[in-house]
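Working notes, beginning with the structure itself.
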Amino acid sequence: MVLVVLSALAALPASAGRASGSAETSQQTRQAGPPEGGCIIEVIPVVFGSYDVNSPAPLDSYSTLTFNCSPIPGEGRVPHVRIEIGAGSSGMIGQRRMQGPGGFVNYNLYLDAVRQVIWGDGSQGSQTFELDSPQPNQDHVVPIYGRVPPMQAVSQGHYDDALTVTILF
């Protein structure tokens, strides 16, 4: 049996300090540039595609997140950026879940290509993306690695999850 699964990430522009947003749309519209002393973030959804419930191999996917921050007024620089990804509908960063007609499908998002470091908010064994002194007014592209573990007994259908992406600077 084959089913289609999809995980969507979206974010809203951030202003000075801490801001977050979430959406169930496939992509956030990008602004012309970040506000003064603020950041914008664009997330391309992580799409897993068709999942074979009988396959012994995990289903991996890849996407990107792009951020651009303007200098903090009076400082002329962006000192530090941290990006967190929330738990989604499961409420558990350690094991995220996409929901659909047959219940749920476990998956997760990672900071590394070997899919060992869970991208989260620093809780439940997860880590955040962090960058010291990013170049201001420049796009910074960060990979997002996704994985659906094998052999999950779920019904055919569309499965998705909406997550909150938070940028702190």
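At a 10 Å Cβ-Cβ cut-off, how would you order Ser50, Ser63, Ser89, fewest neighbours first? Mind dumping the intermediate values first?
Values: Ser50 9, Ser63 18, Ser89 15.
Lowest to highest Cβ neighbour count: Ser50, Ser89, Ser63.
With neighbour counts taken as other beta-carbon atoms within 10 Å, the residues Val46, Val165, Val141, Val154 rank, fewest first, as Val141, Val154, Val46, Val165.
Computed from the coordinates by the stated procedures, all read-outs in this text should not be read as laboratory data. Keep in mind the model is a prediction, meaning the values are calculated, not measured. Here Cβ is always computed from backbone atoms with ideal geometry, including for glycine, and neighbour counts include all displayed protein chains.
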